[in-house]
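Trainee: The following block contains the structure, expressed as structure tokens.
The values are calculated or read from the model by the stated rules, or taken from the named source; none is laboratory data. What you see is a predicted model, and the numbers here were worked out from it, not measured in a lab. We place every Cβ from the backbone using ideal geometry, glycine too, and count neighbours over all the protein chains shown. For accessibility, only protein heavy atoms count, side chains too; no ligands or nucleic acids. Shrake-Rupley method; radii C 1.70, N 1.55, O 1.52, S 1.80 Å.
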Amino acid sequence: MIEALLIKLVVASVVFGGVLNLAGLHTWVERKQSALIQDRIGANRAPIFGFKLLGLFHGIADAIKMFTKEDVIPRGVDRTLHTLAPFFSVFFALVAFAAIPFGPQLHLGERVIDLQVARIDAALLYIFAMLSLGVYGVILAGFASRNNYAIMGGMRATAQMISYEIALGIALIGVLMVYGTMDLSAAVEAQGRTIAGGWIPLWGVVAQPVGFVVFLVAALAETKRLPFDLPEGESEIIGYFVEYSGMKFGMFFLTDFLETILVACLATTLFFGGWQIPFLQADGFHFPWGTEIPVANWLYVLLGVTSFTVKVLAFCFVFMQIRWTLPRFRYDQLMDLGWKGLFPIAVVNVLVTAGVMILLGGQG
Amino acid sequence: MYFDYFNVLVFAAVGFVFVFANMIIGSVIRPKRKTEQGREVYECGEETLGETWVKFDIRYYTVALVYVIFAVEIAFLFPWAIVLKESFAGTGAAQGTGIGAFALVEGVLFIVVLFLGLAYVWAKGDLDWVLSYQGGDYAGRSDRSRKLPSVEEIRAAAEAASTEAEETDEGGEEAVA
């Protein structure tokens, strides 16, 4: 029991460290990518002993700056809620990572270790709940600030997030029907199957292409990034955390990146096979043309974790690319897209999926 | 399985400690120079006019209301979606019950009701964000969405206006002649 707990603590620290470092790296990639797209040099001025490493140290400089900035709590705000809001925001985004499986089962001697902090049967529901609870941080920040712009930003953000949560939920129902489980590890294992004589891996994106598109758009809106950054557009629109400074602002900043990574993890897990690699089974590669390469368990796990990480990074990159490519929506366009576009498409997708499952007799 | 739910708690505790530690470290090393000007609400350098905690636009309330309805319906659809495959294949808990078609019809009926709800809200115009008021009443359904004129329309209107102006100019010249 104690041993199992210690192992879980190690896994939890790995997830924790990985996610937070990825968020730090995210800021660097975002700066450099925007610089490349806008034909600038970008962040390259923070040296450590004369080494600049393409501006990789700017994340550290950011952290130091946020720690040492004065924490301004304006006059007349609701002090309790003002302090709690960034906590809520970052806490729920962080805790959601507990249910993401990032690798296959590792065999260490007698012991079998799930590379997932918690293999719970309602994992998808849990992540969905944590994603929804993130709304509280946003609305509380806007409400507690006692700033007219902040409360308007908070209302905008809340309306946007709950609108797209509907489309997100229904897009996920289509996926649930295909896998027949909410356990994300089981869902990833189900994506190891192949169709068309073993040539095409049956990933979620193959089984649910429409669901994937709806999920991606709705999830992007949930993270409040461009082209859905109406709650808080860095240089143009005053948002819900205008009255925050120092580390509390840093918390909101971190939440932004954590949510992006979370959505990338979810998209990978549900639609791009999680840690699966095409043609790789637990005992080795089985290519459709008959070649077989046996693979040891440790190598299988290593390949799986690498595959998962690469896919997540690719999704993060796509999200940032979208950010610097598309212009922002107008608010009525945003609402129309959520309620009149994605929602009906997702519902029809569920019906079509049910029909196809009948034709396949529950085998698909 | 229940041990795994305990793991969630452990993870949450680690997360809580992380967030809390960040705030504590920050409060130890950051400067505290509170001045009266520094504690003013930022708001783009302007002082806040009027009360902030006021009644806000009804449209946010409508969106929240519609959200609650559909979110509850989705919560009911989740378990249905999970067991649907088993009920078709007649495996697992659905072994020998022959419940497949029944489960499908039930679910589809539920989704159709959900869709009717959406159609109703849509037709009522509660999904339109841009509302316009005429006098004390809501504007009619067709006038609710603000329609921006297309470029062609603007151009045609400008041309019409300029030809009109020319005609009047010519008329003026004739009168002089």
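Trainee: With A:Q191, A:Q116 as the choices, which residue is modelled with pLDDT under 90, surrounded by 20 or more Cβ atoms within 10 Å (Cβ to Cβ) and more than 10 Å from chain B (Cβ to nearest Cβ)?
Mentor: Only one candidate qualifies: A:Q191.
Trainee: Still on this structure, please answer the following. Give region A:50-64 a look and list any residue that's surrounded by fewer than 13 Cβ atoms within 10 Å (Cβ to Cβ) and within 12 Å of chain B (Cβ to nearest Cβ), or say none.
Mentor: Across region A:50-64, the qualifying residue is only A:I64.
Trainee: While we're looking at this one, here's another question. Determine if region B:4-20 includes at least one residue that is touching a strand residue (DSSP E or B) at 6+ places or on another chain (Cβ under 9 Å), at pLDDT below 85, open to solvent by less than 70 Å² (accessible area, probe 1.4 Å) and within 7 Å of chain A (Cβ to nearest Cβ).
Mentor: The answer is yes, given that some residue of region B:4-20 is touching a strand residue (DSSP E or B) at 6+ places or on another chain (Cβ under 9 Å), at pLDDT below 85, open to solvent by less than 70 Å² (accessible area, probe 1.4 Å) and within 7 Å of chain A (Cβ to nearest Cβ).
Trainee: Go through region A:311-364 residue by residue and tally those that are open to solvent by less than 30 Å² (accessible area, probe 1.4 Å), hydroxyl-bearing (S, T, Y) and either closer than 19 Å to A:E234 by Cα or within 7 Å of chain B (Cβ to nearest Cβ) (or both).
Mentor: 1
Trainee: With A:N44, A:N21 as the choices, which residue is in a helix (DSSP H, G or I) and more than 10 Å from chain B (Cβ to nearest Cβ)?
Mentor: Exactly one residue qualifies, and that residue is A:N21.
Trainee: Counting residues that are of a type in the set (V, I, T) and under 26 Å from A:A96 (Cα atoms), which helices (runs of 4 or more DSSP H) fully inside region A:257-364 reach at least 3?
Mentor: A:297-325
Trainee: Let me ask you something else. Take the residues in region B:49-78 that are facing chain A (nearest Cβ under 7 Å) and surrounded by fewer than 17 Cβ atoms within 10 Å (Cβ to Cβ); name whichever of them is nearest to B:D128 (Cα to Cα).
Mentor: B:Y60
Trainee: Another one. Looking at A:R146, is it modelled with pLDDT under 85 and at the interface with chain B (Cβ under 10 Å from one of its Cβ atoms)?
Mentor: yes
Trainee: Restricting the search to region A:151-164, which residues are under 22 Å from the mean Cα position of the chain (by Cα) and surrounded by fewer than 23 Cβ atoms within 10 Å (Cβ to Cβ)?
Mentor: Result: A:R156, A:T158, A:I162.
Trainee: In the set A:E243, A:E222, A:E232, A:E236, which member is of a type in the set (D, E) and more than 30 Å from B:E40 (Cβ to Cβ)?
Mentor: Of A:E243, A:E222, A:E232, A:E236, the one residue that is of a type in the set (D, E) and more than 30 Å from B:E40 (Cβ to Cβ) is A:E222.
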